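The next block holds one structure in the form of structure tokens; read it before the comments.
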Amino acid sequence: MKHFLDINKIDPGALRGMITHAREMKDARNGLPKGTPDAEQPLKNHIVALIFEKPSTRTRVSFDVGVRQMGGETLVLSGSEMQLGHGESIADTARVLSRYVDMIMIRTFDESALLELADHATVPVINGLTNRTHPCQIMADVMTFEEHNGPIKGKKVVWTGDGNNVCASFVHAAGQFGFDLTFTGPEALDPEAVFISEARAKGVEIVIERNAAKAVEGADLVVADTWVSMHDGQSTRARRHNQLRGYQVDEALMNGAGDDALFMHCLPAHRDEEVTNAVMDGPRSVVFDEAENRLHAQKAIMRWCLGV
Ligand code: CP
Ligand code: NVA
């Protein structure tokens, strides 16, 4: 069973193959009207369940469109409207859904829910974001970086702000794709130590630098994300804003990075909080390419899971 649960759990060769495949599928669609199905229909006769226990725009639409382009069908399910949200166990949900559908994508809170689903499903399970990681996003981000600036291996990525779920998958990707990563943010929001040591053991540099201006020197890519994630209580909002104000990505900070440095954000962005409008809409920003590439990267991920 090939589940796509986290970037650090998958062989680097397989990850590289998915990026290559995603770019091939994107090229094959070049110039086609949006609703056109792919010439190949690898997901014909496949039904994919997309479960959301948190809000989503990109993940929901890109998975749904990706499956349809490949000739398959989707069921978009809200956790709260399923028995899952009313006491049925995740294990039983996994056993039941496996009798109906060919693959399950889930966006949930605790990672334990994703792992339990994967343990008991007899069809592939894809992580569409948990409180801890967001691997599909970083596959799209690696693809996006390489489209613009060539191989990511050996490059310097700087993560600004909260060492959250998206940051964690970037740390995983650093180890697997061979790039260096500098985290700049307050100590209380550092990425998990276990992820940092695991990436370092794979031979890449993971640096913690509290001074944002110093952190971005020589960067090939600067990344920001929301200061308050969906799983963070709104009560943390005021504190987070105080802790993170010094880590806003503005033009001055971007000017301190390398001349060709790109800016990324997984979106949704809170303009003029973690990033200014000038950077979001500026020439170094590739945020909408990242959003588009979710579609192509996830099509490659789904095909890898199903072996089709
Ligand atoms: N980046 C991302 O996962 O966006 P959504 O929350 O809209 O799915
Ligand atoms: N860190 C954000 C990412 C949203 C796609 C969150 O979890 O809310």
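A short reminder: the numbers here are calculations on the coordinates, not readings from a lab. Everything numeric in this text was worked out from a predicted model, so none of it was measured. All Cβ positions, glycine included, derive from the backbone under ideal geometry; neighbour counts span all protein chains shown.
Going toward the positive end of the dipole of the range 161-308, with +1 on Lys and Arg Cβ and -1 on Asp and Glu Cβ, which of Ala261, Thr236, Cys305 do you reach last?
Cys305
Sort Leu115, Leu15 by Cβ crowding within 10 Å, fewest neighbours at the top.
By the 10 Å Cβ count, ascending: Leu115, Leu15.
Among Glu53, Glu205, which comes first, then next, by fewest other beta-carbon atoms within 10 Å?
Glu205, Glu53
Sort 267-279, 123-135 for me by packing, meaning the mean count of neighbouring Cβ atoms within 10 Å per residue, highest on top.
Most protected by this proxy first, the peptides run 123-135, 267-279.
Using 0.36 nm per residue, how much length does the chain from Asp27 to Glu198 gain when fully extended, once their Cα-Cα distance is taken away?
Net length gain for the segment: 58.1 nm.
State to the nearest 20 debye the size of the charge dipole of the range 191-252 about its Cα centre, where the only charges are +1 on K and R beta carbons and -1 on D and E beta carbons.
Roughly 340 debye for the range 191-252.
In nm, to one decimal, how far is the modelled label at Asn242 from the one at Lys2, with both set 7 Å along Cα→Cβ?
5.0
With θ set to phi - 60°, apply the Karplus curve 6.51 cos²θ - 1.76 cosθ + 1.60 along the range 224-237 and write out the HN-Hα couplings as whole Hz, x wherever there is a Gly or Pro.
In residue order, the calculated couplings are 10, 8, 3, 7, 10, 7, 4, 8, 7, x, 4, 5, 7, 3 Hz.
Along Cα→Cβ, 7 Å out, is where each label goes; now give me the distance between the ones at Leu75 and Asp190 in nm to one decimal.
Rounded to a tenth, the inter-label distance reads 4.5 nm.
Calculate the translational D of the chain in whole µm² s⁻¹ from Stokes-Einstein, where the hydrodynamic radius comes from the Kirkwood formula applied to all Cα pairs, the temperature is 37 °C and the viscosity 0.692 mPa s.
167
What full-extension length gain, to one decimal in nm, is calculated for Val207 and Met230 as 0.36 nm per residue of separation minus the Cα-Cα distance?
Value of the extension gain: 5.6 nm.
Using +1 at the Cβ of each Lys and Arg and -1 at the Cβ of each Asp and Glu in the chain, identify which of Leu5, Gln69, Leu115 lies farthest towards the dipole's positive end.
Looking along the dipole axis, the top candidate is Gln69.
Size of the dipole of the range 43-185 about the Cα centre, Lys and Arg at +1 and Asp and Glu at -1 on the beta carbon, nothing else charged, in debye to 20?
Computed about the Cα centre, the dipole is about 360 debye.
Treat each spin label as a single point 7 Å out from the Cα along the C-beta direction, and report the Arg95 to Ala252 distance in nm.
6.1
With only Lys, Arg, Asp and Glu charged, each at its Cβ (+1 for the first two, -1 for the last two), find how big the charge dipole of the chain is about the Cα centre; round to the nearest 20 debye.
Rounded to the nearest 20 debye, it is 500 debye.
Just to check I understand the Karplus step: with θ = phi - 60° and J = 6.51 cos²θ - 1.76 cosθ + 1.60, what whole-Hz values come out for the range 200-205, glycine and proline as x?
4, 5, 8, x, 9, 8
What relative contact order, as a whole-number percentage, does the chain give when Cα pairs under 8 Å and 6 or more residues apart are counted?
Rounded, it is 20 percent for the chain.
What is the order of Ile106, Ile47, fewest Cβ neighbours within 10 Å to most?
Ile47, Ile106
By how many nm would the segment from Gln41 to Glu292 lengthen if fully extended, with 0.36 nm per residue of separation less the alpha-carbon distance?
Extra length from Gln41 to Glu292 when fully extended: 88.3 nm.
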